[in-house]
Amino acid sequence: MKKKTRVKGLVSLILCAAMVCLIVPAGVVSARADDDDDTSIADLNSKYSQLEKKTQDLQNKINQAKTEKARQEAIKTKTTEEIGIVRQQIALLEEKIALLEREIAEKEDQIDSLEDDIAYNYDLYKVRMRAMYMAKDTSTLGLVLGTDSFGQFLTRSEVVKAVADHDQTLLDNLKASLAAVEEAKAAVEADKADLADTKQQADVKRGQLNGTLNATNAAIQDIAAMEKEYLANKTQLEKEMKEVQAEIDAIYASMDSMGDYVGGGFMYPVPGYRGISSYFGWRFNNSDFHTGVDFTGAGVNGKSVVASNSGMVSFTKTTFVAGKGYGKYIIIDHGGGYSTLYGHLSAINVSVGDYVAKGQNIANVGSTGWSTGPHLHFEVRINGEPKNPLNYLAG
């Protein structure tokens, strides 16, 4: 009688456990659900790539320009539009950072929920195993054969099947939850790596934007300050400029050409700096003719000045009067009547008679002479006549 009572109690316990535990853990469903943020991040990545392509297209227009005028127009367009493009990219990166941080937090919450499900189901499974252990003298066959009627036999058979199904479901749920946890953890690590990379990208773009803005502002401020000073002291400055040009003409007249032109094209004289604050030709309301091109940009002061082409150093001026002329400057003869002049230098690193190779350091950018800010005044002359340098610079 005791055995029959104990069997009935065990059947009741197992049946209750089966009915409670057949519920599928919510965490598993959550782990398999689609995440809308993935689509949003993919969309942001696509928009960012489109902006990168737009920047490359602007650069391609510069590279494909057939004339120097067209090239300079393309450079101006790129400089202007690139500021807006970089700002848009920074905004996209910041939005992506916010999405990734939110996604990481949500996935970590999901992991916590899944681990709670695992702990809960595992505890239930241990209860089930303990119940089986405590009833070790009661076999499944005994449960079925020890019935008093056919109806009881059918009932107990259903219970046995339900218990077996429950056990398998419980194990399946545990496996699914564990797999979901591993998947979610891998996704979190991937998101964290993407987040770190995105933050680095944003920092680079902010630096790029600041550099472009500073270079643009420096160029604008430099030419604006020069124009203001020129118009305020026009008579005096015109007189000084005539004196300077007379000095330059005398130097060129006394120069002996080194022979045939060395050949090849001319390179930009300040590596990494192509921002122009003042172009060749008339300026300041057509009151002053600028005989060269002024290269400037953020941080240009003290930067290396290189020989635009190979040649002989034919003249150097190491002394200057503050606020007057080209300050410290160098003239290099390239043969065939071609020469280049480098003005407003802070230091001169070559001597008259030195033969310099194309790209060799010859000086450092400065602000000597009549200059309202650091820049390099660069001239190309043929037989002493100034030409537009942008028609000769190739790279």
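Throughout, read-outs are computed from the coordinates displayed, never taken from laboratory work. These numbers were taken from a predicted model, which means no experiment stands behind them. All Cβ positions, glycine included, derive from the backbone under ideal geometry; neighbour counts span all protein chains shown.
I need the phi-derived Karplus couplings for the range 289-306: 6.51 cos²θ - 1.76 cosθ + 1.60, θ = phi - 60°, integer Hz, Gly and Pro marked x.
For the range 289-306, the Karplus curve yields 9, 8, 8, x, 10, 9, 9, 8, x, 4, x, 6, 4, x, 5, 5, 10, 10 Hz.
For D123 and S257 in one chain, what is 0.36 nm times their gap in residues minus the Cα-Cα distance, to one decimal in nm? Walk me through the intermediate numbers first.
Numbers: separation 134, 0.36 × 134 = 48.24 nm, distance 9.67 nm.
Full extension of this stretch gives 38.6 nm more.
What ³J(HN,Hα) values, in whole Hz, does the Karplus curve 6.51 cos²θ - 1.76 cosθ + 1.60 give for the range 49-56 when θ = phi - 60°, with x put for Gly and Pro?
For the range 49-56, the Karplus curve yields 5, 5, 5, 4, 5, 4, 4, 5 Hz.
Would any residue of the range 337-360 have its amide N under 14 Å from a label point 7 Å out along Cα→Cβ of M267? List them or say none.
Answer for the range 337-360: 356-360.
Could you line up W370, W282 from fewest to most neighbouring Cβ atoms inside 10 Å? Present the calculation step by step, with values, prior to reporting the outcome.
Details: W370 23, W282 11.
Final ranking by Cβ density, sparse to dense: W282, W370.
Quickly work out the E243-to-E94 label distance, labels modelled 7 Å from Cα along the C-beta direction, and quote it in nm with one decimal.
It works out to 5.3 nm between the two label points.
Mind listing the phi-derived Karplus ³J(HN,Hα) values for the range 358-369, rounded to whole Hz, using 6.51, -1.76 and 1.60 with θ = phi - 60°, and x for any glycine or proline?
Those phi angles translate into 4, x, 6, 5, 10, 6, 10, 5, x, 9, 7, x Hz.
Output needed: percent of Cα pairs per 10 Å distance bin for the range 234-391, bins running from 0 to the one holding the longest distance.
Answer for the range 234-391: a P(r) of 11, 44, 37, 7, 0 percent.
Under a plain spin-label model, where a point goes 7 Å from the Cα along Cα-to-Cβ, how far apart in nm are N383 and E189?
7.4 nm
Output the pairs from K328/K358; K54/K96; K61/K242 with a Cα-Cα distance over 29 Å in this structure; if there are none, say none.
Numbers: K328/K358 21 Å; K54/K96 20 Å; K61/K242 39 Å.
Beyond 29 Å: K61/K242.
Non-local amide H neighbours of D354 (under 5 Å, H modeled in plane, Pro and chain starts lacking H): which ones?
Hits under the 5 Å cutoff: V313.
Rounded to the nearest 0.05, what FRET efficiency is calculated for N349 and N45 with R0 set to 51 Å and r the Cβ-Cβ distance?
Between N349 and N45 the formula returns 0.60.
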